[in-house]
Amino acid sequence: MRIAFLGNFTVPYSSETHHALTLEQLGHTVVRLQETRATALQIETEALHTDLFVWVHTHGWRTPGDIATTLQRLRAAGVVSLSYHLDRWMGLARQQEMQPDQPYWQLDHFFTVDQVQADWLTENTSMQGHYLPPGVYGTECYMAMPRTRFDVAFVGSKGYHPEYPYRPKLIEWLTDTYGDRFRHYGGGGNWPTVRGADLNGVYADAKVVVGDSLILDPQYEGKYWSDRVPETLGRGGFLIHPWVHGIDESFHDMRHLALYRHGDLEQLKTLIDYFLRNEAQREEIRRAGYQHALSNHTYKNRWNHILEAIA
């Protein structure tokens, strides 16, 4: 297929960059169009000569020109349009962006990592919403050699969304409990943000990685978890993560990762301390989680599913 792709390609670690590279690895041709720079007319000119138009939108960015008309013309020409976005909107301030009259919500298909969001889009917009869990870029799935081992890591920003106060509470608790045995990589952390091979190195060095997702309601019955789950496992980290609805359909507790009750810091400490002491079991789970992510949760898996779904 020939695919026109509108998104952010200015950095090598964006999901759009990883999606485009994955599609090329699958044998497709990708025409990259930089959001905010490509105009609606340029997008239309390129996309009319393709089989598929993909748009992964960055919050707050705008495409110059009348992109809504461009989408109508692409549809009339038989060019299917879609998005596969790793963020959630429901329950956050950004939910106000979900207006059916806005162009981003006028694509043909929207693949989202939030099941409730997928249902809402199908019922409230002209799009077909699809639930699809997050994945990891396959080229970055490898287990690095350890360098300097330490006990506990958290990867991700501390502030995150103001609607989710548990994240800073969790990081402060980890800091108070494990002191200099704990490293926080990311915004507000005591260690810098890491990407690429350096992130694989962090997951190799950390004996335990504590993960988190945007769990606005622990009783939420839709399926949603962060792409940090497949990314941590696929890059070789041993992960302890809160249980969320549906996650055990994709990752098995005590086989691919360890799960704890969201907010139960006593149980979390019990699990961290247990796995710091039990290296053999920790390593067995770490390797099984890596193989599972590599086989089932890469972007190649996800894009094969997407292309089959719209065929």
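At a glance:
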| item | result |
| --- | --- |
| The range 99-105 - phi-based ³J(HN,Hα) in whole Hz, Karplus 6.51/-1.76/1.60, Gly and Pro as x | 10, x, 7, 8, x, 5, 9 |
| Nearest-20 debye value, the chain charge dipole, Cβ charges on Lys, Arg, Asp, Glu | 760 debye |
| Local electrostatic count, Glu44, Cβ distance below 11 Å [Lys/Arg +1, Asp/Glu -1] | -1 |
| Relative contact order of the range 209-276, pairs being alpha-carbon contacts under 8 Å that are 6 or more residues apart, as % | 29 percent |
| Per residue Cα convex hull volume in Å³ - calculated over the range 202-311 | 98 Å³ |
| Among Ala293, Gly196, Met254 the positive-end extreme of the charge dipole of the chain (Cβ point charges) | Gly196 |
| Counted charge near Val116, where neighbours are those whose Cβ lies closer than 11 Å (Asp, Glu -1; Lys, Arg +1) | -3 |
| For the chain: accessible area per residue (Å², 1.4 Å) | 43 Å² |
| For the chain, built as a Gaussian network whose Cα springs stay under 10 Å, the top-fluctuating residue of Thr17, Thr122, Thr148 | Thr148 |
| Rg in Å to one decimal, and Dmax rounded to a whole Å, for the range 102-255 via C-alpha atoms | 17.0, 52 |
| The range 205-311, dipole about Cα centre (Lys/Arg Cβ +1, Asp/Glu Cβ -1), debye to the nearest 20 | 340 debye |
| Among Trp120, Gly159, Ser83 the positive-end extreme of the charge dipole of the chain (Cβ point charges) | Gly159 |
| ³J(HN,Hα) computed for each position of the range 78-89 - Karplus, 6.51 cos²θ - 1.76 cosθ + 1.60, integer Hz, glycine/proline x | x, 8, 6, 10, 7, 9, 10, 10, 8, 9, 10, 10 |
| Mean separation of Cα contacts under 8 Å, 6 or more apart, over the residue count of the chain: relative contact order % | 14 percent |
| Relative contact order (%) - criterion: Cα under 8 Å, at least six apart; region: the range 1-51 | 51 percent |
| Stretchable slack from Ala311 to Asp119, in nm (0.36 nm times residue separation minus alpha-carbon distance) | 67.1 nm |
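The values are calculated or read from the model by the stated rules, or taken from the named source; none is laboratory data. This is a predicted model, so every value here is computed, not measured. Every residue, glycine as well, gets a Cβ built from its backbone with ideal geometry; the counts of neighbours run over all protein chains shown. These accessible areas exclude ligands, DNA and RNA; they are computed on the full protein's heavy atoms, side chains included. Shrake-Rupley method; radii C 1.70, N 1.55, O 1.52, S 1.80 Å.
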